[in-house]
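The values are calculated or read from the model by the stated rules, or taken from the named source; none is laboratory data. Predicted model, so just to flag it, every value in this text is computed and none were measured. When we count neighbours, we look across all protein chains shown, and the Cβ atoms used for this are built from the backbone with ideal geometry, even at glycine.
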Amino acid sequence: MEKNEEKLISDILAGEADVYAVLVRRYEKPIFNLMLRMTSSEADAVDLTQETFVRAYEKLDRFKSSGRFFPWLYTIGLNLARDHLRKTKTAKNLENELQGPNNPFYQDSGQEHDLLENLNVEKVGMALKQLPSEYREAVFLRFHEGMAMKEIAQALQISVSGAKMRVHRGLLKLRQLLQKERRDDE
């Protein structure tokens, strides 16, 4: 955990509740984006973002200072969003975050970058929408949020090898979909 984050959390737990606003400002956009992708509703995203921060504040004493705060917060948000989807029976996961600078591959490097830099962003977005949600979430966390595999594992509540597998399989499926799309265009 960043030293600054560690100090903020320590201060909050010591009774300085107003310091929590620093963490809210730091992470409200990625949590709101998660909620918007999950629900496809701005109103629901606002409510769930707020609920995520309230729930995290209430459980802050359970946070392990050996980890980073964002993956822990993201897990809370992801669980709230999943609960919301189960209750409302809407299954539109991770579909709206795929335009312009929000393309989850903007930080990618290596072989995947070489493949993707020649493709139309819109086609990548359409292919990502076709991925099963478990792969889509893992790929998004890796390439959009820039999380390490250990953090992805923590956020998705799976093992590190499970996180690696999901990212790898997600990229393989994405590559297959894009190659099929390319063949269909020819």
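Summed over the range 1-55, the residues that are under 28 Å from LEU128 (Cβ atoms) and of a type in the set (Gly, Ala, Ser) give a count of 4. Taking the range 129-151 as the range and being under 14 Å from the mean Cα position of the chain (by Cα), in a helix (DSSP H, G or I) and in contact (Cβ under 8 Å) with a residue 24 or more places away in the chain as the test, the residues that pass are SER133, GLU134, TYR135, ARG136, GLU137, ALA138, VAL139, PHE140, LEU141, ARG142, PHE143, GLU151.
Between PHE53, PHE70, the distinction of being farther than 18 Å from MET147 by Cβ and either modelled with pLDDT of 85 or more or not aliphatic (A, V, I, L, M) (or both) belongs to PHE53 only. Of all residues in the range 8-27, those satisfying the criterion of being exposed (fewer than 13 other Cβ atoms within 10 Å of the Cβ) and either farther than 12 Å from PHE53 by Cα or in contact with a strand residue (DSSP E or B) (Cβ under 8 Å, 6 or more places away or on another chain) (or both) are SER10, ALA14, GLY15, GLU16, ALA17, ASP18. The single residue among ALA148, ALA163, ALA153 that is outside the structural domain of ILE31 (by TED's automatic domain parsing) and either surrounded by fewer than 21 Cβ atoms within 10 Å (Cβ to Cβ) or at pLDDT below 85 (or both) turns out to be ALA148. Every condition in (1) surrounded by 12 or more Cβ atoms within 10 Å (Cβ to Cβ); (2) in the same structural domain as LYS173 (by TED's automatic domain parsing); (3) at pLDDT 50 or above holds for LEU116 except the one numbered (3).
Against the conditions (1) surrounded by 15 or more Cβ atoms within 10 Å (Cβ to Cβ); (2) among the basic types (Lys, Arg); (3) part of a loop (DSSP other than H, G, I, E, B), LYS64 satisfies every one except (1).
Scanning the range 156-181 for residues that are in contact (Cβ under 8 Å) with a residue 60 or more places away in the chain and in a helix (DSSP H, G or I) gives LEU156, ARG175, LEU178. Annotation: of all residues in the range 73-91 being hydroxyl-bearing (Ser, Thr, Tyr) and loosely packed, with under 15 Cβ neighbours inside 10 Å, the one that is modelled with the lowest pLDDT is THR90. When SER40 is evaluated against the numbered criteria (1) out of contact with any Gly (no Cβ under 6 Å at 6 or more places or on another chain); (2) modelled with pLDDT of 90 or more, which criterion, by number, is the only one it fails? Against the list (1) out of contact with any Gly (no Cβ under 6 Å at 6 or more places or on another chain); (2) modelled with pLDDT of 90 or more, SER40 comes up short only on (2).
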